[in-house]
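Peer 1: A single structure is presented below for examination.
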Amino acid sequence: MKEREALFTLIALAFASAGVAVLLVPRGELNREGQLAAVPRSEALMQLDAAQEPLTPQLAFRQAELTAASGDAQKADALLAALADRTTEIEAIASARADLALRGGDLALAAEHLARAQSAAPDRVRRQRLGLIYRRLGDTEAERALLSLESMDALSGWERVRLVDLTATEGATAQALALADFAVTLGGEQVPLLADRFIALALISEDFDAFSQVAARWLAGPDAPALAVTVAQGIATQPRQASMLAHSVVTLAPASRARMVEELTRARLYRVARELMQPWMDDAVPHLGGWSALILYADFSGDVSLLDKALRRLRPKDIVPQGAFLPLIRYGGGQALLPYQARMTPDFLANAPLVEASWAIWWQRHHEAFAALQRAARSETDPVLWRAVADGLQGTGYLERLKVLSQTDDNLADMFKT
Amino acid sequence: MSVFWVGTALSIALVLMPLRSVAACLTAAAVPNRVIALFDSREEPTPETSRIAQHLAGPLAKNGLFPTYVDVSRPIPASIATNDISGVVSWFGTAVQNDDGLAAWLDAQDADCGRPLPLVVIGDPGGPALWARLGANGATAWTLHNGVREGMKVMPQWRGIRAPLEIPPGRLLAPRLPLDAEPLITIPGLDEVERALGFRRGAQTWLSELTMLAKDSRGVALVTVDPDQIVAAFTGDGPRAVPDLAMFQGLRIALAILLTDGWRLRAPASGRSSLGQPAYALAKAIFGETSAPVSFGWPDATTDKIGSDADATDAGHALATLPHVSALPAYNIAGGISLGSPPLLRLSHPSFGGPKATPRAGSSAISELVGPPGFADPTGLHARAAAVARSDTPWPSSPDVLVIRARDLLDMSGQLAAMRALELHASDARAAMKIERYAGWLEGALSAQIVPEGPYAWRVQNRGALNTLRIDRAEGWVIDMSRSTGILGTSRYGPTLFVALDPASSAPFLALRSTTAAVTADPAFVEVVEAGPELSNVNREGCQTVFTAEGRGQIKFRSSAKPAVKLGRLSLEVVPTESDLWHVSLPTRAASETLSIAVGCP
């Protein structure tokens, strides 16, 4: 009996649950959407295609989506086109139609739809896609207009570069200069590229004052190391004005002198780099940055006279900067160390193995040179200079021993590579 | 006496003509198929990720040329056998360590070759000695440009393909045009002297990197100048025979590859099931039912932890053991996917290719044909299908490569797109292949020697599994079937002839004749235009042409009159398609059988 009661209770509960479920079923459109979501998508498409009455915009969009998913892009586009006339959902429809146009390879049509979507609801990713389509179509005017709509800081680094390029392409140099300068101040990975644009435009238009002032400002800022390279390379393209430009920049940004010497040296603008170092020759001793620029200049250019002069002016208690003797060895061999023999103490040589090797070869102490060369190979050493020093062991048997050792010693092997 | 000398000179000229037309070294016995690709590992750590591999290996492979990479920051090999070298390409961003040494080495290669090897230099040649070799002065090559297009002169064929050629403002490498050079792209110089962004000087071509690549607004490389124009420096003039990587018996080769990525994921629940179907069940259903060969990246513990789920593992094993499925490991490599261990074949990353990508062999690979995802196409497979259908420059330049990750099947769009693509692969419109076979085809393309035997005639040796030879620039030329041997037939797309080679012939011989040449047509002659079943052992005797046929499907052939066709003793219905074109359908047979086509037999 109890079992029957329990059964009746269960049945009653089941009916009650069913009743609640019926009451909870969404009405109208929501109900239809719910039904469609509950069936497999292929079946949902069949149901929508078979519908007798006109579909609501939401369902019509769903129908287009499922049609496109089934592979029929043409029919999906027709459904969206029909839907566009009776809804205000411009963005979704235009974006979808742009995708379908791209699938069909129609860039112009895709741009048209995407532009409509973008004006309805601006979006960063869509803007980049649209910009790329304009670029592929060669529509620079539309591309520039698209990028100009945004403030510079809302654009990605590459978009900023592109906006400067498009502005310059149209011959609007003053505007391009302003855009490039502002974009550099915003920072980011593309700063050197933007600076390159600014420098080219300023120098071509012979706006040397703008060049000097802006470059000096950059060299006092956080991106100075990267920008100094670009500034020096720009100056190097103007041999006639190079001296004037470099002096002008360094006058406005005195702290950048050493950095500019280094970068002008790397740009092979030795004459101008030498000119910039002249003030150090008048001082007793160059400062630390000055020494590193002086050494780099001597090493690159082969003009060791300034370095030689600065070294000779050192007082006995002054410490010789790291690597200062290497340019002398590169261009003059061990013999070039003779004026500094007082400096060739065991303590100093222990920390300068290549100098020790060169010095030892000069004094024919080949076994010491052999050991020093092995030590030098283990530190960061220029292989070309190392080989030049090691060649001094030619005919002693030690060079051959180094070559044999290089077969098992990776550091030595690196020294013998081209 | 003078007649003798004229005759001798003419004979020598005729023998040398094909060699000259393909720009080979004097010692070359075969059409060269290698290009020395110079890269600097200080800039680009591996050849596979170098700019040459990314942007030029595809167009080179399409033209039957494969790069031999040489790292200029390491000791350069003292000598490279130049007999199979077609030229040299370099692409540096800055000066190399030893420009004098490299220049001397290039001179030595020219001397070894017996003539200047075609040299394509992109970007910085590598230092003063290499600039001097080009006849230009590197010291004054850097200049400034304001970005204005006015005054820029571009030879028509050097205009951009995917985007118009634009030179942005900034500092750029643009040397003064050497006196004896032909300008390709120039801009006005600041000093009133025209500056070159590209020039050709004898066998040398120099191009600024800015003409090759631009960056789009996302920072992605955008190829501008048509790479085929660059490769043309190595391919000479006139008809050129190359191993083809896209067509088999007149049909586009199709490769379907299923990867286990997302193997155990489930599709969203629907009203009829509280738990959506897992990707492995969908994969098993879709790929198990097709008749198209499928390469299945299975098993590989590194791509997915399949082993912990028994159902997923069982589904994988069940699929892997089906006869049309070849299972092999798949793993990710720098810039792509590698299939097999050791790799049979590699798929390069989509960004290396795009929908019109061409196959790559050797250390590089083939590119999958992809499409960007879009509205109701989250996997991009529908867009891919559309791109394959549209690829027309030239069509078909690459196999139809379908790569599906198991996760792609979780979406209806992905499922339907995959099913449609597989249907196409299984149809008479495609020659679907297993990946092992295509890898063999690529190997054959690398090993093949195409030896000139007289003017516009070649013998193909050491071709391995390669079964199609393509004749580029064949406008006004057809295969001279009366002289050629080991050929099943030809099909033509625009100026290109695809020649189906008889797999049973160890060294087929191809001869071309001009379409204007007077010839007496053989009324009994039959040639295959397209064939689904695999044909071999062609034997043309009198009014009968006999093949060995294996497999089912349609064969389209050319014949001057309606033929009688028999498969073994079974007569087949011959259906006319176009003027002098006919087709027959071969039923399924257990083994290979003799197919005979008789035209005008008594």
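What follows draws every value from the coordinates through simple rules; no lab data is involved. Everything numeric here is computed off the predicted structure, so don't read it as measured data. Cβ: placed from backbone, ideal geometry, glycine included. Neighbour counts: every protein chain shown.
Peer 1: What is the distance, in nm, between label points placed 7 Å from the Cα along the Cα-to-Cβ direction at A:R268 and at A:E380?
Peer 2: My value for the distance between the label points is 2.5 nm.
Peer 1: Right, something else. Sorted from largest down, what three extents in whole angstroms do the Cα atoms of chain A have along their principal axes?
Peer 2: For chain A, the Cα spread along each principal axis is 114, 72, 39 Å.
Peer 1: Here's another thing I want to ask about it. Helix-only estimate, please: 222 nm mean residue ellipticity of the protein assembly as shown, summing -39500 (n - 2.57) across DSSP H runs of length 4 or more and dividing by its residues, to the nearest 500.
Peer 2: Values: 38 runs with 421 residues, N = 1020.
It lands at -12500 deg cm²/dmol.
Peer 1: Given the C-alpha centroids of region B:103-143 and region A:72-135, what is the distance between them in whole angstrom?
Peer 2: The distance from the Cα centre of region B:103-143 to that of region A:72-135 comes to 49 Å.
Peer 1: Hey, what do the phi angles of region B:430-441 turn into as Karplus ³J(HN,Hα) couplings, whole Hz, using 6.51/-1.76/1.60 and θ = phi - 60°, x for Gly and Pro?
Peer 2: Result, rounded to whole Hz: 9, 9, 6, 9, 6, 5, 4, 5, 5, 4, x, 4.
Peer 1: Among residues other than B:R473 whose Cβ falls under 11 Å from its Cβ, what is the net charge (Lys/Arg +1, Asp/Glu -1)? Intermediate values should be presented prior to the final figure.
Peer 2: Values: positive: B:R240, B:R470; negative: B:D237, B:D472, B:E475.
Surrounding charge for B:R473 is -1.
Peer 1: A further question follows. Report the semi-axes of the equivalent ellipsoid for the protein assembly as shown in whole Å, largest first, where each axis is √(5λ) for an eigenvalue λ of the Cα gyration tensor. Before the final figure, lay out each step's value.
Peer 2: Working: eigenvalues 691, 372, 183 Å².
Working from the Cα gyration tensor, I get semi-axes of 59, 43, 30 Å.
Peer 1: Please list, in chain and number order, the residues 5+ apart from B:F296 or on another chain whose amide H is under 5 Å from its amide H, with Hs placed from the backbone.
Peer 2: Distant-sequence amide H within range of B:F296: B:L258, B:S326, B:A327, B:L328.
Peer 1: Let me know the number of lysine pairs in chain B closer than 18 Å at the Cα, not counting same-chain pairs under 8 apart.
Peer 2: Lysine pairs meeting both conditions in chain B amount to 4.
Peer 1: Report the net charge of residues surrounding B:A81, where surrounding means a beta-carbon distance below 13 angstrom and charges are Lys +1, Arg +1, Asp -1, Glu -1.
Peer 2: In short, -1.
Peer 1: Something else about it: Taking amide H positions as placed 1.01 Å from N in the peptide plane, with prolines and chain starts having none, which residues 5 or more places from A:L155, or on another chain, fall under 5 Å of its amide H?
Peer 2: none
Peer 1: I've got another one for you. Would you mind classifying chain B by shape? Square roots of the alpha carbon gyration tensor eigenvalues, ordered a ≥ b ≥ c; an a/c under 1.5 is rounded, otherwise it is prolate if a/b is larger than b/c and oblate if not. Write out the running numbers ahead of the final one.
Peer 2: On the way: a/c = 2.06, a/b = 1.18, b/c = 1.75.
Note, shape of chain B comes out oblate.
Peer 1: Can you tally the net charge around B:M412? Count Lys and Arg as +1, Asp and Glu as -1, for every other residue whose Cβ sits under 12 Å from the Cβ of B:M412.
Peer 2: Details: positive: A:R41; negative: A:E43, A:E65, B:D377, B:D408, B:D411.
With Lys, Arg at +1 and Asp, Glu at -1, the neighbours total -4.
Peer 1: Run the paramagnetic zone check for A:F416: 7 angstrom along Cα to Cβ, then residues of region A:337-363 with backbone nitrogen under 19 Å.
Peer 2: No residues fall inside that zone.
Peer 1: Please report the antiparallel percentage of the DSSP beta bridges confined to the protein assembly as shown, to the nearest 5. Please report the intermediate quantities before stating the final value.
Peer 2: On the way: 91 of 130 bridges.
So the antiparallel bridges in the protein assembly as shown amount to around 70 percent.
Peer 1: So for region B:421-523, averaging the separation of alpha carbon pairs under 8 Å that are six or more residues apart and normalising by length, what relative contact order in percent results? Mind showing how you got there, number by number?
Peer 2: On the way: 164 pairs, mean separation 25.0, N = 103.
Relative contact order comes out at 24 percent.
Peer 1: Moving on to the next point. Need the list of aspartates and glutamates near A:K309 for cross-linking: C-alpha distance under 13 angstrom, and skip anything on the same chain fewer than eight residues off.
Peer 2: A:D282, A:D283
Peer 1: I would also like to ask the following. Given the C-alpha centroids of region B:144-187 and region A:137-204, what is the distance between them in whole angstrom?
Peer 2: 20
Peer 1: Just to check I understand the Karplus step: with θ = phi - 60° and J = 6.51 cos²θ - 1.76 cosθ + 1.60, what whole-Hz values come out for region A:40-50, glycine and proline as x?
Peer 2: These are the phi-based 3J(HN,Hα) values: x, 5, 5, 5, 4, 5, 4, 4, 5, 5, 8 Hz.
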